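Notes follow the structure.
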Amino acid sequence: DVQPGTQATELAQNLGKDPRHVQVILDESREVLRAVRGVLVCVTHHGFVCANAGVDASNVPSEDTVVLLPRDPDGSARHIRHRLPSTPAIVITDSFGRAWRHGQVDLAIGCAGLQPTEDWRGRTDTAGREMKATWIAVADELAAAADLARTKDGALPLVLIRGAHRHVIRDDGPGALALVRPEADDLFR
């Protein structure tokens, strides 16, 4: 049972949200960056910048239930990977909005057995010019592709992706936290 504090109660009143839900969001946040239009833009304890600290009230059995992000998504991916016989690459996903776009897309919040990025900076493009910014978010692209193969309300817990073998590695790899931009490099903070 969640007992909302003063900050949660005040924010909830301003945002038109349940104070208990807001308290859970605050508990899952390292920092609240914005509180606008019914949404709290937060930095989670993992370092993800997302709406409502990833606290989700959709696809849950009752009105008083919310789902939280895993405490250690990369650890969860490693655990799942090593419990399967062929140690496949694992990507754990969640829906994120994007600052410059409408709509949500699934992104990797945890991964194991996968190189989460592919850095093309320094390579030459088809016109012979050096690429200066191309750093492919492989784990995020696989997460988004998997989301297209299922529906949000289909209760499908996993998707098998084939054809991404060039990104699969033998060890667990650095995990999806390697995708999180350090605050010093964040263009919005």
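Summary of values
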item: Of residues in the range 152-169 being surrounded by fewer than 14 Cβ atoms within 10 Å (Cβ to Cβ) and of a type outside the set (A, V, I, L, M), the one nearest to residue 77 (Cα to Cα); result: 157
item: Qualifying position, being modelled with pLDDT under 95 and part of a helix (DSSP H, G or I), among 155, 145, 178, 184; result: 184
item: Residues of the range 57-68 that turn out to be crowded, with 16+ Cβ neighbours inside 10 Å and either touching a strand residue (DSSP E or B) at 6+ places or on another chain (Cβ under 6 Å) or within 20 Å of residue 7 (Cα to Cα) (or both), as a count; result: 1
item: Total residues in the range 36-54, condition surrounded by fewer than 18 Cβ atoms within 10 Å (Cβ to Cβ) and not in a loop (DSSP other than H, G, I, E, B); result: 2
item: Residue 110 touching a residue at least 40 places away in the same chain (Cβ under 8 Å), within 15 Å of the chain's Cα centre (by Cα) and outside any loop (DSSP other than H, G, I, E, B); result: yes
item: Some residue of the range 69-78 being acidic (Asp, Glu), over 28 Å from residue 45 (Cβ atoms) and at pLDDT 95 or above; result: no
item: Failed item in (1) under 29 Å from residue 43 (Cβ atoms); (2) of a type in the set (Asp, Glu); (3) at pLDDT 95 or above, with residue 130 passing the rest; result: (1)
item: Selected residue (criterion: surrounded by the most Cβ atoms within 10 Å (Cβ to Cβ)) from residues of the range 119-138 that are within 16 Å of residue 180 (Cα to Cα) and touching a Ser or Thr at 6+ places or on another chain (Cβ under 7 Å); result: 138
item: Identity of the residue in the range 1-10, more than 24 Å from the chain's Cα centre (by Cα) and not charged (D, E, K, R), that ends up surrounded by the most Cβ atoms within 10 Å (Cβ to Cβ); result: 4
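Yes/no matrix, rows are residues, columns are (1) outside any strand (DSSP E or B); (2) polar (S, T, N, Q):
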position	(1), (2)
79	yes, no
82	yes, no
87	yes, yes
92	no, no
103	no, no
122	yes, no
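The values are calculated or read from the model by the stated rules, or taken from the named source; none is laboratory data. Small disclaimer: the values here were computed from a predicted structure and weren't measured. Neighbour counts are summed over all protein chains in view; Cβ atoms, including those assigned to glycine, are modelled from backbone coordinates with ideal geometry.
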